[in-house]
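The values are calculated or read from the model by the stated rules, or taken from the named source; none is laboratory data. This is a predicted model, so every value here is computed, not measured. Note: ideal-geometry Cβ built from the backbone for every residue, glycine included; neighbour counts use all protein chains shown. Note: areas computed on protein heavy atoms with side chains; ligands, DNA, RNA excluded. Shrake-Rupley method; radii C 1.70, N 1.55, O 1.52, S 1.80 Å.
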Amino acid sequence: MSTTLNPLANPRGAKKLCELCQKPAYLQCNNCRVTFYCDTEHQQADWVGIHDKVCQLLIPIRSAVPFHSLQSDRDLHQSQTRHRQEQLIEISRSVAQNKLFEGKFQESLPASLLSLRCAMDVYGPSAASLVPAYLLLAEANVGLGSLAQAEKYLSQAEWTVTKTPDCSQAVRHQLHRNLGRLYTSTGNLKGALLSFANDVYYASDEYGLDNIVTKGGYFLMANVFMKQEKKDIAHSMYAEVAKTWHSHLTRLVEAHTQSSISLEPCFDEAQRTEADQMLKTMLEVQAQNNKQDVAQIALVTHSLAMLWFLGGSRNKAVEFGRKAWQAVQLVPDPSLTESIQRLLLLAGPDPHPTQAS
């Protein structure tokens, strides 16, 4: 998997640096031969984090530039290299994001670092296009409890956004969401609420107030209000989140059943993971509530049933669908009852609601 390097054998002025820590490298990937590491631990971490998915893609980007006598050939090579770099940015960003949603914070770091370095190569060291990578690194470090490092990356992101007036609202909302997460982790709940409020403002301007992205900010604010023991406010915000996700999932299920189209382009794995975490958290909050809101439980469990149905797990769809059916019997809602019945029939085999246990 690797070859040992002797740094003294490098050509003068040429330094091989570790892919993860940028310290002098002593190992080389045998597959691509353009990626280097300081030790086997960093090589294994990079392999698990991202390298196994991009090993061959790195070869044409990091190999020595061939000599072209014609300007047209040089321009073509430059264009192809940039296209590959942009492709690499998207792949590494997607991998890092998915690992973050799965709670694999350590594994997300190599992909986030690669996304940042490629973005620097393509856009320069101070472009707004670097901000998503900074935010990925910050979120990973918050998850690992490395709050000082997370603050460093967020400061870089905030400075970049501040000096880029035309920075998109989407990037601004992501910045404030990550700042809110950092403040929550440090116990600065007042600062967290302010950041999440800014997150909601920018997200609503970009996506609309009733969008699932915007409601992610509501959910995080509700979590902070729970920490402050302001449970009435928190439950009210959770209800808004649940209603939006239920409507969104209902539309997707209807589109799927009516046209049998693929859902992947409009509902990816990262969104499914995020939705699963939010909806289950809201169920846990209801379980701990002395006065449980049965209507809310029915709505959330039905949402989870639709989520798992769309994700291809019919067993879990039936499991949550039956829980939704039990809840809706206590607070009859004809439209919700009918929707749960339809989903149970779709998720089958033969999951008749009256047989729910």
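Which of the residues that make up the range 217-250 are β-branched (Val, Ile, Thr) and surrounded by 19 or more Cβ atoms within 10 Å (Cβ to Cβ)? Break it down stepwise before answering.
Taking the range 217-250 first, the residues β-branched (Val, Ile, Thr) are 224, 233, 241, 244, 250.
If the condition is that a residue be β-branched (Val, Ile, Thr) and surrounded by 19 or more Cβ atoms within 10 Å (Cβ to Cβ), then VAL224, VAL241, THR244 are the ones that fit.
If you take the residues in the range 97-110 that are open to solvent by less than 50 Å² (accessible area, probe 1.4 Å) and modelled with pLDDT of 95 or more, which one is farthest from MET278 (Cα to Cα)? Spell out the reasoning first.
Initial filter on the range 97-110 (open to solvent by less than 50 Å² (accessible area, probe 1.4 Å)): 98-101, 103, 108-110.
Pick out the ones that are also modelled with pLDDT of 95 or more and you get 108-110.
On the way: SER108: 21, LEU109: 23, PRO110: 26 Å.
Ranking the candidates gives PRO110 first.
Could you tell me whether the range 282-292 includes any residue that is touching a helix residue (DSSP H, G or I) at 6+ places or on another chain (Cβ under 8 Å), among the charged types (D, E, K, R) and open to solvent by 40 Å² or more (accessible area, probe 1.4 Å)?
Taking the range 282-292 first, the residues touching a helix residue (DSSP H, G or I) at 6+ places or on another chain (Cβ under 8 Å) are 282-283, 285-286, 289, 292.
Cutting the leftovers down to among the charged types (D, E, K, R) gives us none.
No, the range 282-292 has no match at all.
Restricting to the range 33-61, name every residue that is polar (S, T, N, Q) and surrounded by 16 or more Cβ atoms within 10 Å (Cβ to Cβ). Give the derivation first.
Going through the range 33-61, the residues polar (S, T, N, Q) turn out to be 35, 40, 43-44, 56.
Correct list: THR35, GLN43.
Please verify whether the range 142-154 includes one or more residues that are open to solvent by less than 40 Å² (accessible area, probe 1.4 Å), in contact (Cβ under 8 Å) with a residue 40 or more places away in the chain and in contact with a Gly (Cβ under 8 Å, 6 or more places away or on another chain).
The initial filter retains those residues of the range 142-154 that are open to solvent by less than 40 Å² (accessible area, probe 1.4 Å), namely 142-143, 150, 153-154.
From what is left, the residues that are in contact (Cβ under 8 Å) with a residue 40 or more places away in the chain are 142-143.
Going one step further and asking which of them are in contact with a Gly (Cβ under 8 Å, 6 or more places away or on another chain), we end up with 143.
The answer is yes; a qualifying residue exists.
Name every residue in the range 62-90 that is among the β-branched types (Val, Ile, Thr) and surrounded by fewer than 18 Cβ atoms within 10 Å (Cβ to Cβ), in order of residue number. Steps first, please.
Taking the range 62-90 as the starting set, the residues that turn out to be among the β-branched types (Val, Ile, Thr) are 65, 81, 89.
Listed by number, the residues that qualify are VAL65, THR81.
Pull out all pairs, ordered by first then second residue, where Cβ-Cβ is under 7 Å, the residues are six or more apart or on different chains, the first lies in the range 111-128 and is over 17 Å from ALA96 (Cα atoms) and at pLDDT below 95, and the second is open to solvent by 30 Å² or more (accessible area, probe 1.4 Å) and among the hydroxyl-bearing types (Ser, Thr, Tyr).
From the range 111-128, the pairs are TYR123/SER129.
Looking at the range 24-38, which of the residues that are touching a Cys at 6+ places or on another chain (Cβ under 9 Å) and outside any loop (DSSP other than H, G, I, E, B) is farthest from VAL54 (Cα to Cα)?
Out of the qualifying residues, it is PRO24.
Kindly list, by first and then second residue, each pair from a residue in the range 225-244 that is assigned to a helix (DSSP H, G or I) to a residue that is of a type in the set (A, V, I, L, M) and open to solvent by 70 Å² or more (accessible area, probe 1.4 Å), limited to pairs with Cβ atoms under 7 Å and residues at least 6 apart or on different chains.
From the range 225-244, the pairs are PHE225/ILE233.
Cβ contacts < 7 Å: first residue closer than 21 Å to SER108 by Cβ, restricted to the range 270-284; second residue open to solvent by 30 Å² or more (accessible area, probe 1.4 Å), any location; separation 6+ or different chain. Result?
Between residues of the range 270-284 that are closer than 21 Å to SER108 by Cβ and residues that are open to solvent by 30 Å² or more (accessible area, probe 1.4 Å), the close pairs are ALA270/GLN97; ALA270/ASN98; ALA270/PHE101; ARG272/GLY311; THR273/PHE101; THR273/GLU102; GLU274/PHE101.
Residues of the range 340-357 being at pLDDT 85 or above and surrounded by fewer than 21 Cβ atoms within 10 Å (Cβ to Cβ), which ones?
Of all residues in the range 340-357, those at pLDDT 85 or above come to 340-347.
Within the range 340-357, GLN341, ARG342, LEU345, LEU346 meet the criteria.
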